Amino acid sequence: MNDTPGWTSPGSAPSDGQDGTGVPRPATPGDANGSAPQWSKDQPPAGQWSPPTAPVPGQAPAPQPGQGWGGPPQPGNWGKPPAAKPGVIPLRPLGMGEILDGAVSTMRTYWRTVLTITVTVAVISQVADILVQRFLVPTPPEIDPNASPDEAMAQLGDSLQTSLISSIPAILILLMATLVSAALLTVVISRAVLGRPVTISAAWQEARPRLLRLLGLTLLLPVMSAAIVFVAMLPGILLGEVTDGALIVLGAIAGVVVVIWLMIRFSLASPALMLERQGVIQSMKRSARLVQGAWWRIFGITLLTQLLLFIVGMIITVPFAILAIAVDGEGFSGLVSGDSPEFGWSFLIITGIGGVITSAITYPISAGVTVLLYVDQRIRREALDLELARAAGLPGYGPAPGEHATGS
């Protein structure tokens, strides 16, 4: 094993076969025959010696500050080496930019595997969504502009009910697409950290046994959020006539704040479930422990990531939506006249293509940020970087898992 200059692997002695001659060490004064040192009696007074200001002919110049022992460590000699980087991230605590760059690097380096997963999942989910919107979603009720106030309120309630019913299939499809893509991408990204590619079949074989648990986690979190918001609004609902709805609004705001706090606290549960093979409740507890003390940092990174993904999604979907409305003349005329627009196949297909492209880009970045946040927190709290370096087979960190050390 050849160590990098200035670097000693954790817990190791000098490299085998090296006696340290390349490292400057103070020589022990002594006679040529190895006897005890014989110092001259005539020594200069302490503190009176100074190096010559000009080099003497035939004599080597005095060492400058920064050379040998007297100066600060120089790069490549005594300086601290950069962190090992077997894959898409350096094995050390990560900054926000490095987390985003690691997610993008995974998509760029392993683009065949990543795009195959995301495009396949996006196409299936978009086709399912188009069929649901075309054949299962009820037609929006007609809005009478001349209706009385009571009739207008009734029409508004019918519209909200129809919109809610229409959104349920889309939400379920989105959850399932997110579930499958997150499971497969978590495996891919965890291998990308070690610099090891993984095939789709291998990712599926590893992710499949934990899909049911991941489904339970994926369904539990939104149900829990809805229940929290409902409980927070319940006093306002019961006292609605007394408070004129103000208590409902305050309860809803308080419930949303609690939900946001809990969602960040449990945001690392999915990679904990997949990579540590834990149950639903255990993975939520694991996420809470990892997030503790770093809630605001994880909240800021998550918020910025979602904002960036929203902007990217708008950049892609808005042109497709404009094109779809322009192509579908009947839907566009209904939208302009204020009637309920009835978009045809052309509109659904064009917007579906935009949705596939958006999902193919946003899914891997979102999953990558979540997994790398999980890795970063474990590096900060549990020195996971040493385990990752060992698993990657880097020299100086001991044998990789499943291997045995040879020699002593």
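Values in this text are rule-based calculations from the coordinates and carry no lab data. Note that the coordinates shown come from a computational prediction; the quantities given were computed from them, not determined experimentally. Because the Cβ atoms are built from the backbone with ideal geometry, glycine has one as well, and the counts that use them run over all protein chains shown.
Phi angles of the range 373-385 translate, via the Karplus equation with coefficients 6.51, -1.76, 1.60 and θ = phi - 60°, into HN-Hα couplings of 5, 4, 4, 4, 5, 6, 5, 5, 9, 10, 6, 5, 4 Hz per residue; Gly and Pro are given as x.
Peptide packing: for 106-116, 245-255, the average count of neighbouring Cβ atoms within 10 Å per residue gives the ranking 106-116, 245-255, highest mean first. With a simple spin-label model that places each label point 7 Å from the Cα along the Cα-to-Cβ direction, the separation between residue 322 and residue 308 comes to 2.6 nm. Here the extension length gained between residue 131 and residue 253 equals 40.4 nm, from 0.36 nm per residue of separation less the Cα-Cα distance.
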